[in-house]
Each structure stands twice: as C-alpha cells, then as structure tokens.
Amino acid sequence: MCLPAFSRCLTKSLVAGGLILSAYSANAAGLLSPVSANLPDLRIKAHHVEVTIQDGYAITEVEQVFANPNNQALDAIYSFPVPDKAAVGEFTYWINNQPVTGEVVAKQQARQIYEEEKKAGRKTALVEQDSYKTFDISVAAVQPQTDVRVRLVYVQPTHVDSGIGRYVYPLEDGGVDEAKLAFWNRNEQVQEQFSFNVNLRNSYPIDGIRLPHQPAALVTQTDAQNWTVSLGNRKQNDNGDDDDAVSARSSQPKAQGPVASLDKDILLYWRHSDGLPGSLDMTTYKKDSSSPGTFMMTLTPGDDLAPLQKGRDWIFVLDVSGSMAGKYSALTEGIRQGLAKLSPQDRFRIVLFNDTAQNFSGDFQPAIPEKITPLLDRLDQYQPNRGTNLYAGMKMGLRKMDADRPTAMILVTDGVANVGVTEKKAFLKMLEKADLRLYTFVMGNSANRPLLNEMTKVSQGFSLSVSNADDIMGQIMLAADKMSHQAIRNIQLKFGGGRITDLTPEQIGSLYRGQQLTLLGHYRKAGPVKVTLTGDIGSETRTYETEITLPEQSSLNPELERIWAYAKIENLQAKMDYLGENSDTKQAITSIAREHGLVTDYTSMIVVEEARFNQLGIDRSNKKRVDTEHLARQQRVAAPTQQRRADTNKPMFDKQRSSVSGSSGGGAVDPWLIALLIVMAGATLIKRTQRNQEIQHKTEET
C-alpha cells in the first residue's frame, strides 16, 4: 500500500455482507520515511490535527513536523489514507522556513517537474493519489539534522445516520498492496507534541459526544449547538504560548518517551437531540451576483417507513478458499447462530466458492431446524482450499431466485478476487440484472470502497463504513434497523426555478430508514425554488414538496466548490469503471481537478520554491483558492452558528426524523448481522495476535 508503513505483513480482507475487514495487522499511516531502506526512519516530532465540523461538512487540517536524524540528505515519502468522500485541496511544504502551497497539474507533468527539481538540488514535493487507497507525497532532498514541516487539508461532507453523526480520522493503513510493503521496521511514534482538536458547530442541538477508546479526551460543551474536543499534550496557556514553550522557560522536566502512537483511527460520534423534524437543509456559496452559485442540499426524511412483515429469502455466498482456514470455524458458527434467528416464513440458500462455485444447499430451503442442522453439520466438515473466484460465487448465488419474494445476498470472503472474472464493471452488470439487495459494510481505510459502494448502489442496497475503532455493535444496530423496515426506492428529485445544473449524484437510488440524502449542484438564478421528491414505498408512490430560497450572494462556504468537484469526479470515474476508459472522460476529470485544485488519478500537486512557479509557467490559482478558504474559516469562527434548515416556512416532511433512541426496532436481529459480529470478533483476535507477534519478533531482533 504505502512505503511509510514499513511492514512486511501479508494482508487479506474479510467481506461479510460486502464487508471488507482487515484481518491482520493494520499499519500506521501519515508517516514520512526515507526512500532508502538502509537509513532509519525520520522522527515524528509533532503531529497536530484541527477538525472543524460545521454547515454539513468537515475540514481536517493535519500538520506534522519530522526530523532527519541521518548525517546525509535523503528523499522521503509521506503517506496518508484517502478518507471517504474527502477532497484534498491543500498541501503545504515549508521551504526555507516559509510555507509554500502546492498547485495541481497533470500527473505526468507533475512527476517530470519533481524529478527535474530534485536533480537540480532544489527543494520540492509531489502529491500523488494511489487510486482509492492513499495520497503519497514525495519530498526531495531532506537535509541532514533538519526538520521537515508539512500540512495537508481536506474537506468532506459529514455523515449522519438515525441522528448519529460520525467522523473518522484515518490512521490505520490496511496494507493490501503488497508490492509497496518492502520493509520490516516502521515509525509510528510521535516524540514531542501531539494534538487532536475538534470544533463542532451544529445548527441542530446535540445532546452527547463519544470518542471510543479515547478515555483522555476532554469534551467541552459551550451550548447545545457548540462542542469542542481535545486530545494530546499541546495546549495553549493564557498568554497564547504553547505549553511546550512554557515548559522550556520553567524548571519542570518534560515527559520522557513518545507522546502518541499513530496506529489507530480516531472516531468521533455526536448524537442529535430527540424529536427533531424531518427537514431540508442547505449550505450555499456564491461569490457575487454575477457568479454561479454552488449548493449542498441535505434531505432528512421523516420516520414514515413501516416495519417489514413478509418472509424473505437469504443467499449466503461463502468464501471457502485456502486463506479462510484460520477463520472458518468462526464463520460457520456465525452462520449457525444466524440461521437459528430466521423466521419460519424465511428461506435460505448456501453457495460456496473458492476457484469454482458450488450450490451447497441446492434450492431454497425453509428455515426450520430439520433443514438447517444437517446442512451446517456438513459445512462444519468442509476444508477450505484453493483460490478465490468471487464472480463465480456471486453468479451462482443469483440463480433461481423467486420474483415474488424479497431477497438479500450476504457475501462473506476474506480475499480479493484473483481467479476468473475480476473487472469491476462485470460485477456491476451482474447485479444490475438481479432483483436483490446487497448490504455492505466497508471496513478499513484500504477497503475497495469504489467497488463495494457501486455494487450496493446498483442493487439498491446500502453500505456502512466501519473502522476497527468503531462501536461495532452500534453500527450493527443501524444496519439491522434498515433491513427490518421499508425503504424509499426509485427516488426522483425535481426543481422548479433556480436554473439548477450539474447535479450530483445523477442517480439517487434508494433511501433506507435513518439515512440522509445529500446532493450538490450549481444554480444560475437566485430566488424561490420549488423542490419535489417522489419515491416508491412498497406499492405506493409518495411525493414530498417544499419551497426554498437561493441567495444572491453567499461567501462563507467556498469549500463547497471543491466538495462538488470531488463528487462530480467520483461520478465520472464510476461511469468510466462501468463503460470502460475513454479520453473524453479522462479529460473532463483532469479539467475539473485542475480548476478546483484536486489530486486525482490523473492530476497531482507539485510544490516548488515560490519563484519557480512563475518560471515554470504555473498559475498560482490553488494558492488563491486556499487563501479564500482560510479567510472564510476565520469569518465563520467569528459569526454565530448558521441555521441550515431551508424549508422552515413550508416543511417538506410532516414527521419527526428517525433516531436511535426512538427506534422501534423491527423484530429479531437479522441473521447475517449475528454472523458478521462473530466473524469480526474472530478477525479482531487474529489481528491482535499478529500485531503482538510482530512486536515480539522486533523486540527479539533488537
């Protein structure tokens, strides 16, 4: 995956109901490491994170200081996992003690400039995206016994489900790209300063905040809408000085040893107060009256989705390849307990696959003990072996479905497809033709989110991102609530007025209980706009309407332009994955990325000495955009908390929104969730064991 991890670990993934779970040791990310394996790692002196969650999106600023302990100059690589839906618009590298912000150019051009600057002995840095996995930043000519200072800034829409907001700061690197894991040792210890600070400002009241596995977190509530979170050892005193500076002037000794380890994700949850209405919320940016506007619209439906009553069909597609041997007993026990929870009205079928597929149970079987017990006894005796033909397993699972019964596929595998058909578009086309729902947990920062998310979208299922640091049971509760209730399907959204253009996503699909719908787009005309949402709930088509007002000028949220651009690029990339690569789509992605200063598969960010930008003919457009965003952030801090609700005069929904505390459940926990929990527990144990073995091995070598 990325050089900074510096870990030789064979990494596989576990997919349960589409779940991708790192089953072995996760590696730290966000590290600057020498390209040469013969040199020791750079020391991480400081790691500071500032997160602002406001107006429907989060801004994350990561600043790190590294020290080169070697007696020679070196080239190094800084790596960071690509957060979900995050647009990286700023990378700043300090050259001669001055911050220099990078500019985005075509990928090949950026690499050429970097190599030429390095060859000439000038300071330079290069930011490249490794598909959906990491941002890899190369830094040339790090001088001996000197510090390196870098800052990475990204923005992303916030995620709220059933009244629970969730933010993850990714530090674990799942390491699925074995070609890059070329070394044994790694550096994940922050030596002097570490801080993680969150400023949460919400237009709706919040009644609780939780940080799993962070007992030292300091949570402060200013009022119901404003909260702060602090972690780490860097705080400011009343004079505005860092504690580190104060300690230097005092006789108090400093703490010895590392102050933090960058090996686990940091999770933040916030819980909205009960009784909030369904609503349409909106954030806008329009520089002036002559410029087009950008909007982010969030629809939170009222809770009018009834529990499901009819029996369902369950298709378990299970990986029995050789790599499953260590987890197979946990898997079969999970399936056994899960099937025991089925209703007598339900039916099930089991398909096994390794390098071929086998219809293990034959046709659909009634979920009664007389059918379940003998099949599971046979399953217990099976010996996992051979490769992983995921496509063959899914294809067999889709055979002979009953059109009169709702069907769900639960996919459980610990490997990446390596036999038979492996192209993404082949999986999408197969699911597109099937009348079933695929429910997906996407776990780990190296999970193939593009594939898993597109598969669930095609099947009108849903996906939930899960980190090793998550409250797993809470995530399972959210999933169970969705699977036990109706969904709004075949959603259409229409606008009357505003000259709305460039909507993303272009196709919405389905909304499950507790989910929000977020759309981004442009508008050309300020003023009143009628918004109409239609969707199918069971056999009924429902319509929801309201009227909103688009502002003539709105200057506080310039980051929306980057968020829209990233979402548009994701849509274009998904189309290309499905239809095949073409030069027009690549050019469109490149043009949008360059205009909005985004790193993609086709563009990179180059940092050179300030005077060199003009000499190289590179316009400082991204620096101007960064300056505009910084100014807007300062203005937002000084301004009162903004009200995002746009349908106050004519509410779009007439019921309260769904919330976890107000959930009516919907019956027994679904069977695949029981299986998922057991398999995840087994995988976590394997992960911890592997981690301990690595530490012991490293200690013995030392």
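Conditions (1) in contact with a Leu (Cβ under 9 Å, 6 or more places away or on another chain); (2) under 24 Å from residue 626 (Cα atoms); (3) among the aliphatic types (A, V, I, L, M), marked per residue:
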| site | (1), (2), (3) |
| --- | --- |
| 89 | yes, yes, no |
| 100 | no, yes, yes |
| 110 | yes, yes, yes |
| 145 | no, no, no |
| 157 | yes, yes, no |
| 161 | yes, no, no |
| 168 | yes, yes, yes |
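Restricting the range 70-96 to residues that are in a strand (DSSP E or B), modelled with pLDDT of 85 or more and not acidic (Asp, Glu), which is farthest from residue 567 (Cα to Cα)?
Let us first name the residues in the range 70-96 that are in a strand (DSSP E or B), namely 74-81, 87-95.
Add one more test, that the residue is modelled with pLDDT of 85 or more, and what stays is 87-95.
Retained after the next criterion (residues that are not acidic (Asp, Glu)): 87-89, 91-95.
Details: 87: 9, 88: 12, 89: 14, 91: 20, 92: 23, 93: 27, 94: 30, 95: 32 Å.
By that ranking, first place goes to 95.
Identify, from the list 574, 567, 526, the residue that is out of contact with any strand residue (DSSP E or B) (no Cβ under 9 Å at 6 or more places or on another chain), in contact (Cβ under 8 Å) with a residue 60 or more places away in the chain and closer than 30 Å to residue 301 by Cα. So that I can check it myself, show each step before the final result.
Working: 567 fails: out of contact with any strand residue (DSSP E or B) (no Cβ under 9 Å at 6 or more places or on another chain); 526 fails: out of contact with any strand residue (DSSP E or B) (no Cβ under 9 Å at 6 or more places or on another chain).
Exactly one of 574, 567, 526 is out of contact with any strand residue (DSSP E or B) (no Cβ under 9 Å at 6 or more places or on another chain), in contact (Cβ under 8 Å) with a residue 60 or more places away in the chain and closer than 30 Å to residue 301 by Cα, namely 574.
Taking only pairs six or more apart or across chains, which ones have beta-carbon atoms under 8 Å, a first residue in the range 531-558 that is more than 28 Å from residue 87 (Cα to Cα), and a second residue that is buried (at least 20 other Cβ atoms within 10 Å of the Cβ) and among the charged types (D, E, K, R)?
The qualifying pairs are 546/647; 547/647.
Do we find that residue 117 is charged (D, E, K, R), at pLDDT 85 or above, part of a strand (DSSP E or B) and surrounded by 20 or more Cβ atoms within 10 Å (Cβ to Cβ) in this structure? Talk me through it step by step, then tell me what you get.
Details: charged (D, E, K, R): yes; at pLDDT 85 or above: yes; part of a strand (DSSP E or B): no; surrounded by 20 or more Cβ atoms within 10 Å (Cβ to Cβ): yes.
Taking the combined requirement at face value, the residue does not satisfy it.
Look through 379, 352 and report the one residue that is in contact with a helix residue (DSSP H, G or I) (Cβ under 9 Å, 6 or more places away or on another chain) and either surrounded by fewer than 18 Cβ atoms within 10 Å (Cβ to Cβ) or in a helix (DSSP H, G or I) (or both).
Values: 352 fails: either surrounded by fewer than 18 Cβ atoms within 10 Å (Cβ to Cβ) or in a helix (DSSP H, G or I) (or both).
Result: 379 is the single residue among 379, 352 that is in contact with a helix residue (DSSP H, G or I) (Cβ under 9 Å, 6 or more places away or on another chain) and either surrounded by fewer than 18 Cβ atoms within 10 Å (Cβ to Cβ) or in a helix (DSSP H, G or I) (or both).
Got a sec? Which strands (runs of 3 or more DSSP E) wholly within the range 258-300 have at least 3 residues that are more than 30 Å from residue 215 (Cβ to Cβ) and in contact with a helix residue (DSSP H, G or I) (Cβ under 9 Å, 6 or more places away or on another chain)?
279-285, 293-300
Could you grab me the full set of residues in the range 47-75 that are among the aliphatic types (A, V, I, L, M) and touching a helix residue (DSSP H, G or I) at 6+ places or on another chain (Cβ under 9 Å)? Walk me through it before giving the result.
Our first condition is that a residue be among the aliphatic types (A, V, I, L, M); within the range 47-75, this holds for 49, 51, 53, 58-59, 62, 65, 67, 73-74.
Result: 59, single match.
Can you tell me which residue is modelled with the lowest pLDDT among those in the range 653-678 that are assigned to a loop (DSSP other than H, G, I, E, B) and in contact with a Gly (Cβ under 7 Å, 6 or more places away or on another chain)? Talk me through it step by step, then tell me what you get.
At the first step, the residues of the range 653-678 found to be assigned to a loop (DSSP other than H, G, I, E, B) are 653-655, 658-670.
Filter once more, so that each one left must be in contact with a Gly (Cβ under 7 Å, 6 or more places away or on another chain): 653-655, 658-660.
Values: 653: 95, 654: 92, 655: 93, 658: 89, 659: 83, 660: 76.
Of everything passing the filter in the range 653-678, 660 is modelled with the lowest pLDDT.
Looking for something buried (at least 16 other Cβ atoms within 10 Å of the Cβ), farther than 22 Å from residue 648 by Cβ and in contact with an Asp or Glu (Cβ under 9 Å, 6 or more places away or on another chain) - is there at least one such residue anywhere in the range 542-552?
There is no residue in the range 542-552 that is buried (at least 16 other Cβ atoms within 10 Å of the Cβ), farther than 22 Å from residue 648 by Cβ and in contact with an Asp or Glu (Cβ under 9 Å, 6 or more places away or on another chain).
The values are calculated or read from the model by the stated rules, or taken from the named source; none is laboratory data. Here the structure is a predicted model, which is why all the values come from computation and not from measurement. Neighbour counts are summed over all protein chains in view; Cβ atoms, including those assigned to glycine, are modelled from backbone coordinates with ideal geometry.
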